[in-house]
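Let me begin by presenting the structure, written as structure tokens, before commenting on it.
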Amino acid sequence: MKTFMAVIEKCPDTNLYVGYVPGFPGAHTQAETLDELHANLREVIEMLLEDSDLEFEAEFVGTQMAVVA
């Protein structure tokens, strides 16, 4: 079992949730609800992991707050 961190945003133009896994080429999807997005992300990640030539572009490290006055 592997765990992947996904970034989730809400598109103001389409009102859809957009999710992607940083550094994981092709691991992105969109949906109308967060539950649907979660299912879509699992599906696309499982599909991409079947590719034996898979190479990650980067490793997700974390997030950081930037305070600007």
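The values are calculated or read from the model by the stated rules, or taken from the named source; none is laboratory data. What you see is a predicted model; the values in this text were computed from it and never measured. No Cβ is skipped: glycine too gets one built from the backbone with ideal geometry, and neighbour counts run over all protein chains shown.
Remarks
- In the stretch 14-69, the residues that are within 13 Å of residue 4 (Cβ to Cβ) and of a type in the set (Val, Ile, Thr): 21, 29, 44, 45
- Residue satisfying all of: in the stretch 27-36; within 9 Å of the chain's Cα centre (by Cα) and not hydroxyl-bearing (Ser, Thr, Tyr); farthest from residue 10 (Cα to Cα) among these: 27
- Residues satisfying the stated conditions in the stretch 1-27, i.e. over 18 Å from residue 60 (Cα atoms) and exposed (fewer than 15 other Cβ atoms within 10 Å of the Cβ): 10, 11, 12, 13, 14, 15
- Every residue from the stretch 50-69 that is under 14 Å from the mean Cα position of the chain (by Cα) and surrounded by 11 or more Cβ atoms within 10 Å (Cβ to Cβ): 56, 60
- Screening the stretch 28-48 for residues that are surrounded by 11 or more Cβ atoms within 10 Å (Cβ to Cβ) and either in contact with a His (Cβ under 9 Å, 6 or more places away or on another chain) or at pLDDT below 95 (or both) and picking the one that is farthest from residue 63 (Cα to Cα) gives 47.
- The combined condition, being assigned to a loop (DSSP other than H, G, I, E, B) and touching a Gly at 6+ places or on another chain (Cβ under 8 Å), is not fulfilled by residue 66.
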